[in-house]
């Protein structure tokens with residue numbers, strides 16, 4: 001009798017060990033499967049990004065290198081940077097906080113892709129709202145964007161500049177703007193995508209043409225110089241809404257102009273000095 005009890009106990013223990021090992025192995029298998037599936041989604045998302053998003057948001061998602069899909073010529077990036085701390089870093093990113101988003105970061109990105117951003121150049125991409133992408137492609141694309149959240153990106157300290165309230169105080173700190181660099185920044189920050197070429201009034205597509213802003217900038221707000229108007233308009237895109245855009249009265253507030261230039265230029269305030277010199281030189 002005792003022998004049977006001992007044999008039964010040993011058999012039970014062996015069974016538990018086998019089941020435990022199987023459970024551990026299954027967990028590892030599921031983790032490998034999940035990692036492989038996520039890798040495939042990111043790979044598919046990269047392909048979708050190249051086809052549909054790089055023209056506006058840049059080749060590397062930084063809104064810095066955009067090219068005309070037909071000619072291959074450099075063009076202004078009209079989309080916001082995506083490979084950027086304010087979007088992808090932290091459980092609640094700065095951009096989520098600015099939009100008062102209460103869900104997850106993945107849901108935030110998928111919602112933007114699905115329905116777009118009304119009043120901006122960001123269209124709806126989901127078939128549900130007339131776009132070209134299936135639900136699974138929206139998920140793949142969101143995983144690709146989230147893949148930019150790296151330790152290197154998110155651990156890099158960002159020492160943002162505290163913008164002076166007045167353009168005079170700013171000019172006192174940054175008196176020497178480089179118009180040539182400002183012209184390049186007008187392209188790399190995506191300004192040309194909406195405001196066109198300063199040499200061609202008909203080139204503006206979304207926002208007002210700025211070729212004569214040095215003369216007309218002082219006409220919009222009583223007591224404001226052209227410098228005041230340009231300075232505040234760039235740092236707070238909805239502070240003033242221009243009365244006329246190329247095809248109709250400008251919409252807003254909020255403005256269709258991206259609202260993150262204060263954040264982006266805060267890493268190098270000289271960019272604003274150079275850009276203003278380019279816009280306002282006569």
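The values are calculated or read from the model by the stated rules, or taken from the named source; none is laboratory data. Worth saying up front: this structure is predicted, and the values here are computed from it rather than measured. All Cβ positions, glycine included, derive from the backbone under ideal geometry; neighbour counts span all protein chains shown.
Taken residue by residue, the range 247-262 has no member that is in contact with a helix residue (DSSP H, G or I) (Cβ under 6 Å, 6 or more places away or on another chain), closer than 26 Å to residue 82 by Cβ, in a loop (DSSP other than H, G, I, E, B) and free of Cβ contacts under 8 Å to residues at least 40 places away in the same chain.
Does residue 223 fit the bill of being part of a loop (DSSP other than H, G, I, E, B), out of contact with any helix residue (DSSP H, G or I) (no Cβ under 8 Å at 6 or more places or on another chain), modelled with pLDDT of 85 or more and farther than 18 Å from residue 77 by Cα?
So residue 223 passes the test.
The one condition from (1) crowded, with 16+ Cβ neighbours inside 10 Å; (2) under 15 Å from the mean Cα position of the chain (by Cα) that residue 124 does not meet is (2). Candidates are the residues of the range 193-214 that are buried (at least 19 other Cβ atoms within 10 Å of the Cβ) and in contact with a helix residue (DSSP H, G or I) (Cβ under 6 Å, 6 or more places away or on another chain); the one that is nearest to residue 65 (Cα to Cα) is 196. Filtering the range 231-244 to residues that are within 15 Å of residue 191 (Cβ to Cβ) and free of Cβ contacts under 8 Å to residues at least 40 places away in the same chain leaves 233, 237, 242. Hey, can you tell me all the residues within the range 99-126 that are touching a residue at least 24 places away in the same chain (Cβ under 8 Å), out of contact with any strand residue (DSSP E or B) (no Cβ under 6 Å at 6 or more places or on another chain) and assigned to a helix (DSSP H, G or I)? Matches in the range 99-126: 105, 106, 109, 110, 113.
Does the range 51-65 include one or more residues that are in contact with a helix residue (DSSP H, G or I) (Cβ under 6 Å, 6 or more places away or on another chain), at pLDDT 90 or above and not in a loop (DSSP other than H, G, I, E, B)?
If we filter the range 51-65 for residues that are in contact with a helix residue (DSSP H, G or I) (Cβ under 6 Å, 6 or more places away or on another chain), which is where we start, we get 63-64.
Narrowing further to those that are at pLDDT 90 or above: none.
For the range 51-65, residues in contact with a helix residue (DSSP H, G or I) (Cβ under 6 Å, 6 or more places away or on another chain), at pLDDT 90 or above and not in a loop (DSSP other than H, G, I, E, B): absent.
Between 131, 177, the distinction of being assigned to a loop (DSSP other than H, G, I, E, B), over 22 Å from the mean Cα position of the chain (by Cα) and surrounded by 18 or more Cβ atoms within 10 Å (Cβ to Cβ) belongs to 177 only.
Scanning the range 136-144 for residues that are over 29 Å from residue 236 (Cβ atoms), surrounded by fewer than 18 Cβ atoms within 10 Å (Cβ to Cβ) and free of Cβ contacts under 8 Å to residues at least 60 places away in the same chain turns up at least one hit. Would you confirm, using the coordinates I've provided, whether residue 50 is without any contact (Cβ under 8 Å) to a residue 24 or more places away in the chain and either surrounded by fewer than 21 Cβ atoms within 10 Å (Cβ to Cβ) or within 13 Å of residue 188 (Cβ to Cβ) (or both)? When the stated conditions are applied, residue 50 passes them.
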